[in-house]
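K.L.:
Shown below is the structure under consideration.
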Amino acid sequence: MNHSKCEQQFSLLNKELLELHGQLKEKLKTIYFLQNEKVKQVQCSLNETDIKNIKYQVQLEQLNIKYQEENQRLQIAVELQQLEKEKIDKKQIEMENKISYLQMKQVETKEQHHLEMQFVNK
């Protein structure tokens with residue numbers, strides 16, 4: 001049941017990542033377009049230094065967008081790793097419980113066998 005919940009969460013996070021990626025791509029396209037238009041509009045009246053500064057700002061904004069996209073991807077990856085760890089921890093607890101149960105059964109069987117042997121020997 002918990003495994004199914006982890007898979008559902010994984011699916012939702014994956015879907016969210018794809019949606020965020022699509023949104024970021026659209027925002028990037030819009031920013032590139034607007035920035036190119038802005039440069040075209042003012043290019044006539046700007047000197048070369050101003051143009052270089054604007055291009056530098058555009059590059060910084062593009063890097064910032066890429067950084068944000070990578071940061072979101074990493075955050076989702078961390079969340080997925082946490083889900084996987086929780087799944088593994090749950091499996092480990094289940095296995096420890098099974099081992100404890102089997103050890104208890106083994107002790108009960110040994111005690112029962114001992115009692116049976118005492119009874120047979122009397």
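Rule-based calculations on the coordinates, nothing more; no lab input. Not measured: the values here are computed from a predicted model. Cβ atoms come from the backbone with ideal geometry, glycine included; neighbour counts cover every protein chain shown.
K.L.:
Consider the stretch 30-86. How many of its residues are loosely packed, with under 14 Cβ neighbours inside 10 Å, closer than 16 Å to Glu16 by Cβ and of a type in the set (A, V, I, L, M)?
P.N.:
Selection size over the stretch 30-86: 3.
K.L.:
Sticking with this structure for a sec: What are the residue pairs meeting all of these: first residue in the stretch 1-13, first residue within 19 Å of Glu94 (Cβ to Cβ), second residue exposed (fewer than 11 other Cβ atoms within 10 Å of the Cβ) and aromatic (Phe, Trp, Tyr), Cβ atoms under 7 Å, and 6 or more apart or on different chains?
P.N.:
Qualifying pairs under 7 Å: none.
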